[in-house]
1. Can you say whether Glu127 is in a helix (DSSP H, G or I), of a type in the set (Asp, Glu) and loosely packed, with under 15 Cβ neighbours inside 10 Å, as far as the supplied structure shows?
2. Among the residues that make up the range 137-151, is at least one of them among the charged types (D, E, K, R), at pLDDT 90 or above and in contact with a Cys (Cβ under 8 Å, 6 or more places away or on another chain)?
3. Enumerate the pairs (first residue in the range 197-224 and closer than 12 Å to Arg185 by Cα and surrounded by 12 or more Cβ atoms within 10 Å (Cβ to Cβ); second residue anywhere and at pLDDT below 85 and not hydroxyl-bearing (Ser, Thr, Tyr)) with beta-carbon separation below 6 Å, excluding pairs fewer than 6 apart on the same chain, so at least 6 apart or on different chains.
4. Of everything in the range 83-103, what is buried (at least 20 other Cβ atoms within 10 Å of the Cβ) and closer than 30 Å to Arg161 by Cβ? Give them in sequence order.
5. Within the range 83-111, how many residues turn out to be under 14 Å from the mean Cα position of the chain (by Cα) and touching a residue at least 40 places away in the same chain (Cβ under 8 Å)?
6. If Val132 passes every condition in (1) in a helix (DSSP H, G or I); (2) over 9 Å from the mean Cα position of the chain (by Cα) but one, which one does it miss?
7. Scan the range 147-169 residue by residue and report those that are surrounded by fewer than 17 Cβ atoms within 10 Å (Cβ to Cβ) and either touching a helix residue (DSSP H, G or I) at 6+ places or on another chain (Cβ under 7 Å) or of a type in the set (Asp, Glu) (or both).
8. Can you work out which of the residues in the range 2-52 that are out of contact with any Phe, Trp or Tyr (no Cβ under 9 Å at 6 or more places or on another chain) and modelled with pLDDT of 90 or more is farthest from Ala107 (Cα to Cα)?
Amino acid sequence: MQPTQSEGAYTVVSVSRDEEFYFDDSLVVFLVEERLFRVHSHFLIRDSEFFRGLFSLPQPPDTAEGHNDMKPIKLEGVTVHEFKCLLRFLYSGMYGPIISSPEDWIALLSLSTRYVFDKIRDLAIQELSMKVLDPIKKIVLADRHNVPQWLSAAYVDLCKRPEPLTEREADELGLKTVVRVARAREIVREKKYVSASQRSYFPHDRIYAFNDTGILEIVHSVWPESIVKSEKVGTSPTGGLGMPPTLQF
């Protein structure tokens with residue numbers, strides 16, 4: 001804008017608000033567990049369909065939530081760790097690896113799924129897909145947050161694993177999944193898709209070999225819902241999520 005001087009005073013003419021970088025922003029107070037957060041609404045509105053809809057709803061000034069500490073917006077079922085991971089990502093993510101541990105990415109996946117941060121959810125899925133996580137955890141997370149592309153690899157890993165499920169793992173998976181895992185493991189061993197050999201110079205060591213294609217076909221027959229359009233039988237189902245084709249124990 002160009003100021004003009006008239007009779008000793010400046011008058012601003014031809015003023016307009018930039019469509020991209022004139023923020024009509026406000027600070028919003030949230031209550032998560034027993035902790036208050038006061039943050040800018042801009043990032044939430046920009047990246048979340050949920051918050052975009054929430055803040056577009058008209059509220060009478062005297063009853064509006066989020067304007068002060070006495071009337072915060074309560075986020076039920078959200079942990080402080082999850083919310084802080086989201087805020088760190090929104091405020092500082094471009095300046096360095098603020099989110100790095102699997103636990104932090106899982107927290108981001110949880111909140112981005114719940115509150116419809118689509119781009120953050122896609123990034124969290126991408127990052128977690130490259131990390132080696134326990135197959136039980138992968139299955140639980142995939143079911144909880146609707147990530148079906150993780151299921152095949154995790155079920156294949158359980159079929160390959162020499163050890164049976166523990167009681168804790170069975171509790172996490174639930175009865176229906178436990179029954180299916182037992183059925184798939186039984187078929188895999190009946191068809192000899194897992195074989196073990198013992199080396200004479202290390203009598204207590206075993207080398208396990210797997211028929212990956214055969215195991216994946218069994219997984220798809222037992223869990224047809226685990227099949228995703230981009231998956232092809234014959235390609236490696238583990239994709240960095242589980243065990244390699246040959247393992248030594």
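1. Judged against the criteria, Glu127 is not a match.
2. No.
3. Leu216/Val233; Leu216/Pro237
4. Ile99
5. 1
6. Single failed check for Val132: (1).
7. Once the filter is applied, which keeps residues that are surrounded by fewer than 17 Cβ atoms within 10 Å (Cβ to Cβ) and either touching a helix residue (DSSP H, G or I) at 6+ places or on another chain (Cβ under 7 Å) or of a type in the set (Asp, Glu) (or both), the range 147-169 yields Pro148, Glu163, Glu167.
8. For the range 2-52, the residue satisfying everything is Leu27.
The values are calculated or read from the model by the stated rules, or taken from the named source; none is laboratory data. Keep in mind that this is a model prediction, so the values were computed, not measured. All Cβ positions, glycine included, derive from the backbone under ideal geometry; neighbour counts span all protein chains shown.
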